[in-house]
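Student: Below are the structure tokens for one structure; questions will follow.
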Amino acid sequence: MDIATVNALPYEDFVDILGNVVEKCPIITAAVWSGRPFLSLAVLEAAISEFIDALPESGKEGILRCHPDLAGRDLQSGSLTRESHEEQAGSGMGALNSGEASRMARLNQEYKERFGFPFVICARMHDKENILRQLSARCQNERAVERARGIEEVKKICHLRLQSLVLTDNKL
Ligand SMILES: NC(=O)N[C@H]1NC(=O)NC1=O
């Protein structure tokens with residue numbers, strides 16, 4: 001699917017196909033549709049990024065809260081979105097040993113209690129050791145720093161999801 005095909009999509013299809021580039025936030029995809037035609041994939045990605053940046057801090061936290069915990073209950077119960085499942089499986093979240101699983105659960109909980117939103121990281125860019133190390137380190141940050149850091153990670157996840165949807169042929 002190339003960018004011309006993306007630009008030709010009616011909004012129903014645009015949201016169906018691209019609605020989860022930001023996890024469980026199809027409203028973002030639906031909003032940027034009105035910015036068509038996009039000159040390139042990078043321009044579409046920039047429109048999404050600008051929409052996110054224009055949100056109040058509460059809206060940014062809302063985006064973070066739409067993300068499932070890494071190795072959390074949605075992974076255990078099989079209720080992750082397809083994209084999130086692939087990302088979590090690829091970084092080894094489904095294959096933690098019992099020590100790693102309990103450390104992950106404890107740190108995820110500590111992070112959520114401290115900040116009021118979940119730890120978000122672009123899982124495809126990290127392995128499980130690295131994710132645990134970052135989770136532990138980021139628990140020490142200030143809330144505003146973590147809000148911004150989490151949103152940076154959301155944008156990295158969005159970048160990779162967009163690339164795999166638009167730069168491959170298998171979605172239309
Ligand atoms: N909590 C969190 O980081 N979740 C995610 N990260 C990622 O790459 N996919 C996710 O669902």
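Computed from the coordinates by the stated procedures, all read-outs in this text should not be read as laboratory data. Everything numeric in this text was worked out from a predicted model, so none of it was measured. Using ideal geometry, Cβ is built from the backbone for each residue, glycine included, and neighbour counts are taken over all protein chains shown.
Student: So how do LEU55, LEU39 line up by other beta-carbon neighbours within 10 Å, fewest first?
Tutor: Ranked by crowding around the Cβ, least crowded first: LEU39, LEU55.
Student: Related question: Please list, or write none, the aspartates and glutamates whose alpha carbon is within less than 19 Å of the alpha carbon of LYS60, excluding same-chain residues fewer than 8 places away.
Tutor: Candidates past the 8-residue exclusion: GLU23, GLU45, GLU50, ASP69, GLU113, GLU142, GLU146, GLU152, GLU153.
Student: For SER49, SER136, which order do you get if you count the other beta carbons within 10 Å of each Cβ and list the fewest first?
Tutor: Sorted ascending by nearby Cβ count, the order is SER136, SER49.
Student: Here is a further query. Suppose R0 equals 25 Å. What FRET efficiency, 1/(1 + (r/R0)^6) with r the Cβ-Cβ distance, do SER34 and CYS66 give to the nearest 0.05?
Tutor: About 0.70, to the nearest 0.05.
Student: For every helix of n ≥ 4 consecutive DSSP H residues, a contribution of -39,500 (n - 2.57) applies; sum these over the chain, divide by its total residues, and give [θ] at 222 nm rounded to the nearest 500 deg cm²/dmol.
Tutor: The helix contribution divided over the chain gives -19000 deg cm²/dmol.
Student: Provide the gained length on full extension for the span LEU160 to GLU110, in nm with one decimal, where the gain is 0.36 nm per separating residue minus the Cα-Cα distance.
Tutor: Taking 0.36 nm per residue and subtracting the Cα distance, the gain is 15.2 nm.
Student: Another question, if that's okay. How much net charge surrounds PRO26 when only the other residues with a Cβ under 13 Å from the Cβ of PRO26 are counted, with Lys and Arg +1 and Asp and Glu -1?
Tutor: Around PRO26, the charge tally is -3.
Student: Something else about it: Using only the alpha carbon atoms of the stretch 43-145, find the Kirkwood hydrodynamic radius as the inverse mean reciprocal pair distance, in angstroms to one decimal.
Tutor: Radius from the Kirkwood sum: 14.6 Å.
Student: Moving to a separate point now. What's the percent breakdown of Cα-Cα distances in the chain across 5 Å bins, shortest bin first?
Tutor: 1, 8, 17, 21, 18, 15, 10, 6, 3, 0
Student: A further question follows. By average Cβ neighbour count within 10 Å, what is the ranking of 93-102, 66-75 from highest down?
Tutor: 66-75, 93-102
Student: Calculate, axis by axis, the spread of Cα positions in the stretch 1-85 along the three principal axes, and write the results as whole Å, longest axis first.
Tutor: Its Cα atoms span 40, 30, 20 Å along the three principal axes.
Student: Please give the length that would be gained between GLU152 and GLU50 if that part of the chain were fully extended, namely 0.36 nm times their separation in residues minus their C-alpha to C-alpha distance (nm, one decimal).
Tutor: 35.5 nm
Student: Please report the spacing between the Cα centers of the stretch 99-130 and the stretch 17-31 in Å, no decimals.
Tutor: Spelled out, the Cα-based centre of one part sits 24 Å from the other.
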